[in-house]
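Undergrad: Let me give you the structure first, and then I'll get to my questions.
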Amino acid sequence: MGSIYLIRHGQASFGADDYDVLSPVGVRQAEVLGKHLEQLGISLDRCVSGSLRRQQHTANAALQHMSRAPALDIDEAFNEFDADAVIRTLLPDLLPEEPEALHILRNGAQNRAEFQRLFAKLIGRWISGEHDKPGLQSWQAYVEQVEGGLRRILEQATSKQNIAVFTSGGTITALLRLLTGVPAAKAFELNWQIVNTSLSQLKFRGSEVSLASFNSHVHLQLLKAPELITYR
């Protein structure tokens, strides 16, 4: 059987003007991951990334620490869903019951717990399908986008290949939904636990795919440096 390693990007710049940039911690996480894969003797036959900078930067920072690393292919199907668009589009309907939401969401770095609570509430509305809006990609459409990316990988793969996909938490959540049939709400409960640069492994034979492991971050745990275990 072949393996697909789903790798969440390193810590991005939460609270900064541009989130899509790895923080110094994010770069370190990616470097540690690359060294860990090299020590395990995992030889990658193909590497794929979404087109977001934080995804590509994670891939390049990790791969430079591996002795044999293929060129990085880009497939936008593995991009994160547009969280800013979800917030911007669905927030107005939430304000009557959460009048402080706009201030909290604009100052997320200073209100992390409340930001997460409100963000989870907005995501719950999005994935329910009951609040779809013109111009906003629906949850179902996003899942279909990710499914298309997985299908392309399988169509091009040969048996026993090791393939790395550098992506984001939402993408991994959509794949959990597709592969396990877990309800979207439960999948997102797992989403909040996905560690930056964690590994989730899929096993495949032809077009058949199954989840083998989820959210492994032993490469960070072994360093006994709690500051390297992050979730954004």
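The values are calculated or read from the model by the stated rules, or taken from the named source; none is laboratory data. Here the structure is a predicted model, which is why all the values come from computation and not from measurement. Heads up, the Cβs are rebuilt from the backbone with ideal geometry, glycines too, and the neighbour counts pull from every protein chain shown.
Undergrad: Just to verify a result, which residue in segment 108-121, among those that are touching a residue at least 40 places away in the same chain (Cβ under 8 Å) and among the aliphatic types (A, V, I, L, M), is surrounded by the fewest Cβ atoms within 10 Å (Cβ to Cβ)?
TA: Only one residue fits best here, namely A109.
Undergrad: Applying the selection to segment 145-163, what residues are assigned to a helix (DSSP H, G or I) and among the small types (G, A, S)?
TA: G148, G149
Undergrad: So which residues in segment 73-109 are of a type in the set (D, E, K, R) and either modelled with pLDDT under 95 or outside any loop (DSSP other than H, G, I, E, B) (or both), if there are any at all?
TA: The answer is D73, E76, D84, R88, D93, E97, E98, E100, R106.
Undergrad: Please find, within segment 77-107, the residue that is surrounded by the fewest Cβ atoms within 10 Å (Cβ to Cβ) out of those that are in contact (Cβ under 8 Å) with a residue 60 or more places away in the chain and over 16 Å from Y19 (Cα atoms).
TA: That would be A77.
Undergrad: When segment 38-61 is examined, which residues are found to be among the hydrophobic types (A, V, I, L, M, F, W, C) and in contact (Cβ under 8 Å) with a residue 60 or more places away in the chain?
TA: If the condition is that a residue be among the hydrophobic types (A, V, I, L, M, F, W, C) and in contact (Cβ under 8 Å) with a residue 60 or more places away in the chain, then I42, L44, C47, V48, L52, A59 are the ones that fit.
Undergrad: From the list G170, G181, pick out the single residue that is of a type in the set (G, A, S) and over 26 Å from A12 (Cα atoms).
TA: G181
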